[in-house]
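Read the structure below first, then the notes.
The values are calculated or read from the model by the stated rules, or taken from the named source; none is laboratory data. Computed from a predicted structure; not experimentally measured. Cβ placement follows ideal geometry from the backbone for every residue including glycine, while neighbour counts extend to all protein chains displayed. Only protein heavy atoms, including side chains, enter the accessible area calculation; ligands, DNA and RNA are left aside. Shrake-Rupley method; radii C 1.70, N 1.55, O 1.52, S 1.80 Å.
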Amino acid sequence: MLMRISLIVAIIAGLAIGVLNFTQVKQKIETIQKQREDEKSAKEIAQNDLHKTRADLKKTSDTLKQTQTLLASTTEERDGLRKDLDSANKLSAKLKDDLEKKTKAYEDARAELAAYSGTGLKPEDIVRMRNSFKGLQDQLAEDKVVVKGLQRKVGKLETRLAVFENPDKPVLLPSDLRGKVLVMDPKWNFVVLSVGEDQGVKEQGEVLVNRNGRLVAKVKGRSGEKNRCVANIVPGWQMGDVLEGDQVIPAYPAS
């Protein structure tokens, strides 16, 4: 009887130990499974982060390449403008020197003609001197036109170079500049103004469009002729429809 009881107790103890071991093994298995799931989740997150980082890095690299290309292009254009401006200044100086020489020759010829007008020179001598004087006068007028055109070109180049070197600095226009809108194109957002280079309008110069003292829009000069110019409406500065006949004044007048 005692042996049977001992056997039963041993069996029960073995079962208890088996159950305890099974519970511990199950817990370890569940812990390992959870750890593996956590590791898998962390790995997926890390892979997603790595993929996103690579994508961001590629986007940043592409943006950097575009910026470098744009910078190189801008630098090349700026250097070209400086070279053109230097050449134009040299040509302008040469033309001014030639103009001064021809002006002196013209004045000398006029003085000579005046001195000999009352003399007893032969008619053919007087005609020859007058023809020479007329030729110098015509050449002088042509040179003045060339110099004026070159000075206008130099002014354009100086304005464009100033915009490249300091894009935040406004282009100053004559304080007494007054004009009106001749044509308005709502599709392409540009206008044609009744003022141009002869009135002091410059490329990138900004003017305010107003109607009866009320601001309608701001436009920026794009290209110009002697007495008119084309200007684009500055984004964010259109308060209403621009109409033909609206008045324009400089946004940044020179003092």
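In region 164-210, the qualifying residues are those that are open to solvent by less than 60 Å² (accessible area, probe 1.4 Å) and among the charged types (D, E, K, R), and the one that is nearest to W237 (Cα to Cα) is E206.
Only residues that are part of a helix (DSSP H, G or I) and in contact with a Cys (Cβ under 8 Å, 6 or more places away or on another chain) were counted across region 187-210, and they come to 1. Residue check: K226 meets all listed conditions (1) more than 23 Å from the chain's Cα centre (by Cα); (2) of a type in the set (K, R); (3) modelled with pLDDT of 90 or more but one, namely (3). Could you list, in sequence order, the residues of region 72-104 that are over 30 Å from L136 (Cα atoms) and among the charged types (D, E, K, R)? Answer for region 72-104, where residues must be over 30 Å from L136 (Cα atoms) and among the charged types (D, E, K, R): E76, E77, R78, D79, R82, K83, D84.
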